[in-house]
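Undergrad: Let me give you the structure first, and then I'll get to my questions.
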Amino acid sequence: MPRILITGAAGFLGSHLTDRFLAAGYDVMGVDNLITGSMRNIAHLTGHPRFTFVRHDVSRVLTVEGPLHGVLHFASPASPIDYLKLPIQTLKVGSLGTHNTLGLARAKGARYFLASTSEVYGDPLEHPQKESYWGNVNPIGPRGVYDEAKRFAEAMTMAYHRTHGLDVRIVRIFNTYGPSMRPHDGRVVSNFIRQALAGEPLTVYGDGSQTRSFCYVADEVEGLYRLFESTFVGPVNLGNPNELKVADLAERVRELTGGSSPIVFEPLPEDDPKVRRPDITRARELLGWEPRVLLEDGLRQTIDYFRSLADGRGPGAPSAPLATEDARLERAPI
Ligand code: NAD
Ligand code: UDP
C-alpha cells in the first residue's frame with residue numbers, strides 16, 4: 001500500500017487524519033515531538049500493522065527510509081495559548097519544519113500537503129474570507145509568530161512547487177473542534193466545555209461580539225482527505241461557514257451541558273480577530289465538499305468526550321489498557 005507521513009500525528013487533527021488515511025488503506029508513519037500532542041490520541045493504534053510512530057522534532061532534519069507517496073505537515077502548536085507560550089518553537093516548525101518536510105517530499109517524489117490556517121487572513125478586512133484575500137496580519141504582534149510562520153510556510157511551499165515542480169496542496173483550516181482536543185488547550189470550545197462541566201464560570205474574552213465559524217472534526221478531516229486526493233495546487237479554505245458570536249457559543253455550551261455556570265467577561269487578547277468566516281465556494285466546486293454536522297451535534301460529541309476524560313473512561317486513561325506514553329508505539333529516532 002502507498003505510505004504517507006503525517007507530522008503532528010499525535011495532535012488533535014493529525015490523529016483524526018491518521019485514522020482517515022488508515023481507513024482508506026494507506027500505510028501511515030506518524031511523526032510528533034509531543035510538545036502539544038499526546039500519545040493518548042493514537043493509543044488505539046498500538047499494534048496496528050500499517051501504522052508506525054516516530055518521536056521527532058521536525059524543526060530538525062528528518063530522514064526516512066523507503067518510499068513515500070505523501071508528506072502531510074500538520075505539526076505546529078495551534079491554540080493561541082500554546083503558540084504564545086512557545087513562540088520560537090512555533091516559528092521554527094512553520095519555517096524550518098516546513099523546509100525540512102518539503103525537502104523530504106522532494107527527495108521521495110512525494111505529494112506535499114501543508115496545513116495552513118485562516119490566521120493567514122489575520123484580523124480580516126474582507127468578510128467572509130475568500131482564498132484570493134491577502135490578509136491583515138500584524139507581523140510584530142504576539143499572534144504574528146503563528147500567522148507569519150504559516151504565511152512563510154505557504155510561500156515556501158509554492159516556491160518548491162515553482163522551482164522544483166513539487167506536487168503540493170495547501171489547506172487553510174478554520175476553527176475546528178471535536179474529541180481529542182486537550183481540555184486545557186485554551187481554545188474557546190475546549191475552555192467553555194471544560195469550564196461548564198466543572199461548574200466554573202465560562203470566560204468570554206472582550207464583550208463576546210467577535211465571531212468564529214466552527215467546523216466539526218469529522219467534516220474537516222473528510223475535506224482534508226479529498227483535498228489530498230485532488231489535483232488542485234493552491235490554497236483551499238476548509239471550514240464551516242456557520243458563523244456565531246463567541247458569547248452565543250458560551251450560551252449554547254451551557255445549555256448542552258445542562259450546567260448553570262455564570263458567564264464572566266475577561267479582557268480581549270491583543271490582535272484577536274473580530275470576525276472570521278470561510279467562503280467555501282472553492283472547496284464545494286473542487287471537492288464536492290461541505291460540512292454536514294450541526295454545531296449542536298458536534299458539541300454533544302465533544303462534551304461526551306470531555307466527560308469521558310473527566311470520569312476516567314477516556315482513551316489512555318489509567319484504567320484503559322494502554323498508558324499514555326506506551327513505548328511499544330515508539331520506534332528508534334529516524
Ligand atoms: P495540536 O496542538 O493538537 O497538534 C499539533 C501537533 O504537532 C501536536 O501533536 C504537537 O506535539 C506536534 N508538534 C508541534 N511542533 C512539533 C515539532 N516541531 N515536531 C514534531 N511535532 C510537533 O493542534 P491541531 O489543532 O491538531 O493542529 C494541527 C495543525 O492544523 C497545525 O498545523 C495547525 O496550525 C493547523 N490548524 C488547526 C486548526 C484547528 O482549528 N484545529 C485551525 C487552523 C490550522
Ligand atoms: N475566547 C474566549 N474565551 C476563552 C477562549 C477564547 O472568549 O476562554 C475567544 C477568543 O478571544 C477568540 C475566540 O474565542 O475571540 C476563539 O478563540 P480560540 O482561542 O479558540 O481561537 P482563535 O480563533 O482566536 O485562533
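The values are calculated or read from the model by the stated rules, or taken from the named source; none is laboratory data. Keep in mind that what you see is a predicted model, and the values were worked out from it rather than measured. Cβ: placed from backbone, ideal geometry, glycine included. Neighbour counts: every protein chain shown.
For every residue, the table says whether it meets (1) touching a Lys or Arg at 6+ places or on another chain (Cβ under 6 Å); (2) polar (S, T, N, Q).
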| site | (1), (2) |
| --- | --- |
| Thr7 | no, yes |
| Ala10 | no, no |
| Ser15 | no, yes |
| Arg20 | no, no |
| Asp27 | yes, no |
| Val54 | yes, no |
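Results for (1) in contact with a strand residue (DSSP E or B) (Cβ under 8 Å, 6 or more places away or on another chain); (2) among the polar types (S, T, N, Q); (3) at pLDDT below 95; (4) assigned to a strand (DSSP E or B), shown as yes or no for each residue.
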{"site": "Leu13", "(1), (2), (3), (4)": "yes, no, no, no"}
{"site": "Leu17", "(1), (2), (3), (4)": "yes, no, no, no"}
{"site": "Ile35", "(1), (2), (3), (4)": "no, no, no, no"}
{"site": "Gln89", "(1), (2), (3), (4)": "no, yes, no, no"}
{"site": "Lys92", "(1), (2), (3), (4)": "no, no, no, no"}
{"site": "Leu96", "(1), (2), (3), (4)": "no, no, no, no"}
{"site": "Thr101", "(1), (2), (3), (4)": "yes, yes, no, no"}
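Undergrad: Right, another one. Mind checking which residues of segment 96-110 are surrounded by fewer than 20 Cβ atoms within 10 Å (Cβ to Cβ) and in contact with an Asp or Glu (Cβ under 9 Å, 6 or more places away or on another chain)?
TA: Gly109
Undergrad: Could you check how many residues of segment 120-148 are in contact (Cβ under 8 Å) with a residue 40 or more places away in the chain, touching a helix residue (DSSP H, G or I) at 6+ places or on another chain (Cβ under 8 Å) and among the charged types (D, E, K, R)?
TA: 4
Undergrad: Which members of segment 103-120 meet the condition of being of a type outside the set (Asp, Glu) and part of a helix (DSSP H, G or I)? Working first, answer last.
TA: So in segment 103-120, the residues of a type outside the set (Asp, Glu) come out as 103-118, 120.
The answer is Gly103, Leu104, Ala105, Arg106, Ala107, Lys108, Ser118, Val120.
Undergrad: Separate question: Can you tell me which of (1) among the aromatic types (Phe, Trp, Tyr); (2) within 16 Å of ligand 1 (Cβ to nearest atom); (3) under 17 Å from Gly234 (Cβ atoms) is the one Tyr146 doesn't meet?
TA: Just one mismatch for Tyr146, condition (3).
Undergrad: Do you know which residues across segment 27-53 are under 20 Å from Ala115 (Cα atoms) and buried (at least 21 other Cβ atoms within 10 Å of the Cβ)?
TA: Within segment 27-53, Val28, Met29, Gly30, Val31, Asp32, Thr36, Gly37, Asn41, Ile42, Phe53 qualify.
Undergrad: Within segment 205-230, how many residues turn out to be within 14 Å of ligand 1 (Cβ to nearest atom) and not in a helix (DSSP H, G or I)?
TA: 5
Undergrad: Considering each residue of segment 13-52, count those that are in contact with an Asp or Glu (Cβ under 8 Å, 6 or more places away or on another chain), under 18 Å from Val221 (Cα atoms) and either polar (S, T, N, Q) or near ligand 1 (Cβ under 7 Å from one of its atoms) (or both), and give that number.
TA: The qualifying residues number 2.
Undergrad: To continue, here is another question. Return the pairs, sorted by first residue and then second, in which the second residue is surrounded by fewer than 16 Cβ atoms within 10 Å (Cβ to Cβ), the first residue lies in segment 245-265 and is in a loop (DSSP other than H, G, I, E, B), the beta carbons are less than 8 Å apart, and the residues are 6+ apart or on different chains.
TA: Correct list of pairs: Gly259/Gly199; Ser260/Gly199; Ser261/Gly199; Ser261/Glu200; Ser261/Pro201; Pro262/Pro201.
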